[in-house]
Amino acid sequence: MKACHTVFLCAFALSAQQHKLSIDIETDEGKLLHRLEEQENPLQKRQIMEEFVAKYPKHAGVPWVYGQLQPIYLKDGQFDRVLEAGEKALAVDPDNPDLAYNNLKAAEGKKDPELVKTWSARTSQSARKIIDAGKQATDTDKKTLDYARQLDIYTEYSVYALALQVTDPAQTIDLTENLEQRNPKSQYLPKLSGKYLNALRQAGQGEKAGVRAEQLAAIDPNNEDALLIAADWYLQKKNQPEKVIAYSTKLLKLLQDKPKPEGLSDQDWKRKRDSFLGLGYWMPGVTYSAQGQFKDADQWLRLALPYLADDQLRAMGLFHLGLANYQLGKAAKNKARMQEGLKYSEESAALASPLQVQALKNVQVIRAELGMK
């Protein structure tokens, strides 16, 4: 986002030009402002500005002075002072986008979700007023309009960026839904979908996660997170196996050709892709096994096995592979196939999983049928 930040610096310089003061040096406050204009020492300038707002809190120039103080406080990490200055200035000049933006930057500095939501919305409102007022803009207004549009986009980015940083699922959900309410078509919502859906599941809202995943998959069929969670939702529900297979198939087809998403390293994308491929094969495999369709289960689970790094998923996949090969071998009176089922069952029994005890029992049954001790 460095380029974006550069654009905003230019935009704020433009905006600041629109708030220049008219100084009457015949008055005490005018003389103080004149001293400020002539002062080159940054520390002295700050002291003069702080003296001015303390002495003349109702002067028309107060919003402008606070607007000059805010970046100084931001640079020093004095976020509470930025917010205080902004609130006082906005009480006089409520539609000033620069003042609201500086408060948004302070909220970002504090990493406070409630403050970011508040000042993102407030900054957006100011920006949109400029946009609405400039619908019949002349050429001289276009830079101002461009500034306002970019500022409005940045307010969405601000919520998105914090949503990526927070670790509390409840905060992830709240920030994502706040952004969605602000702009359902925000360019940043698809980038949050995976984290948002997983946050819903972590917060015990599995049903909502499944519903939202299915909705997202309908809107954006190239969203691998939505496809995966929709498939898993139906797997947990156990009442529409065809949905598990349909979403898993779409996921696998998507991952065949999907390029690395922007912002992910090659290593992170490979890790995610391999994990999703494993689940994309694993879910239909265990679904077919539960239906007694062992030939299909064997086919899908063999494809899943190389991608299953998670021991519990691997153990469950091996369990169903053992069951499928045992049943297929028994039906065909093929001892070699039954022995393959025994091998998979033994591998499953060696790993901790909800099916470990049953895998041990299956090992005993198969060994007995094969006449092994």
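The values are calculated or read from the model by the stated rules, or taken from the named source; none is laboratory data. The model shown is predicted, which means the values in this text are computed figures rather than measured ones. All Cβ positions, even for glycine, are placed from backbone atoms using ideal geometry, and neighbour counts span all protein chains on display. Surface areas here come from the heavy atoms of the whole protein model, side chains and all, with no ligands, DNA or RNA. Shrake-Rupley method; radii C 1.70, N 1.55, O 1.52, S 1.80 Å.
Past 23 Å, Cα to Cα: identify those pairs from Lys45/Lys142; Lys250/Lys343; Lys238/Lys335; Lys105/Lys129, in the order given. Among Lys45/Lys142; Lys250/Lys343; Lys238/Lys335; Lys105/Lys129, the Cα-Cα distance tops 23 Å for Lys45/Lys142; Lys250/Lys343; Lys238/Lys335.
Figure note: Glu369, Glu207, Glu180 ranked by solvent-accessible area, largest first, 1.4 Å probe, ligands and nucleic acids not counted: Glu207, Glu369, Glu180.
Can you list the lysines whose alpha carbon is less than 19 Å from that of Lys135, not counting same-chain residues fewer than 8 positions off? Straight-distance partners of Lys135: Lys143. Of the residues Leu227, Leu277, Leu328, the one that moves most in a GNM of the chain with alpha-carbon contacts below 10 Å is Leu328. Summed over all non-identical Cα pairs, the Kirkwood treatment of region 189-337 gives a radius of 16.0 Å.
Is the C-alpha gyration tensor of region 302-363 telling us rounded, prolate or oblate? Criteria: a/c under 1.5 is rounded; beyond that, a/b larger than b/c is prolate, otherwise oblate. Oblate shape, in that a/c is at least 1.5 and b/c is the bigger or equal ratio.
Across the accessible surface of region 127-244, with the other protein chains kept in place and a 1.4 Å probe, carbon and sulfur atoms take up 49 percent. Histogrammed with a bin width of 10 Å, the alpha carbon distances of the chain distribute as 5, 18, 21, 16, 12, 10, 8, 6, 3, 1, 0, 0 percent, first bin at zero.
Each Lys or Arg adds one and each Asp or Glu takes one away; over the other residues whose Cβ falls under 13 Å from the Cβ of Ile130, this sums to 0.
In percent, rounded to a whole number, the relative contact order of region 215-298 is 26, using alpha-carbon pairs under 8 Å and six or more apart.
With contacts defined as alpha carbon pairs under 8 Å and 6 or more residues apart, what's the relative contact order of the chain in percent? Relative CO of the chain lands at 7 percent.
Largest mean-square fluctuation among Gln187, Gln267, Gln68, in a Gaussian network model of the chain whose springs join Cα atoms under 10 Å apart, belongs to Gln267.
Residue by residue, region 312-321 carries 3J(HN,Hα) couplings of 5, 4, 5, 4, 5, x, 5, 4, 6, 5 Hz when phi is fed to the Karplus relation 6.51 cos²θ - 1.76 cosθ + 1.60 (θ = phi - 60°); x denotes Gly or Pro. Rolling a 1.4 angstrom probe over the protein heavy atoms with all chains in place gives the chain an accessible area of 54 Å² per residue. With N the number of residues in region 191-255, Rg(Cα) / (2.2 N^0.38 Å) evaluates to 1.00. A viscosity of 0.890 mPa s and a temperature of 25 °C, combined with the Kirkwood radius over C-alpha pairs in the Stokes-Einstein formula, give region 36-185 a diffusion coefficient of 149 µm²/s. Computed over the chain with a Gaussian network model linking Cα atoms closer than 10 Å, the most mobile of Val286, Val211, Val357 is Val357.
Once the Cβ-Cβ distance between Gln181 and Gln150 is put in as r, and R0 is 22 Å, what FRET efficiency do you end up with, to the nearest 0.05? It would help to have the intermediate numbers written out before the result.
Details: r = 21 Å, r/R0 = 0.97.
About 0.55, to the nearest 0.05.
Other residues lying with their Cβ under 11 Å from the Cβ of Leu74 contribute a combined charge of +1, Lys and Arg counting +1, Asp and Glu -1.
Working note: 222 nm ellipticity from helices only, DSSP H runs with n ≥ 4, each -39,500 (n - 2.57), summed and divided by the residues of the chain, gives -25500 deg cm²/dmol to the nearest 500.
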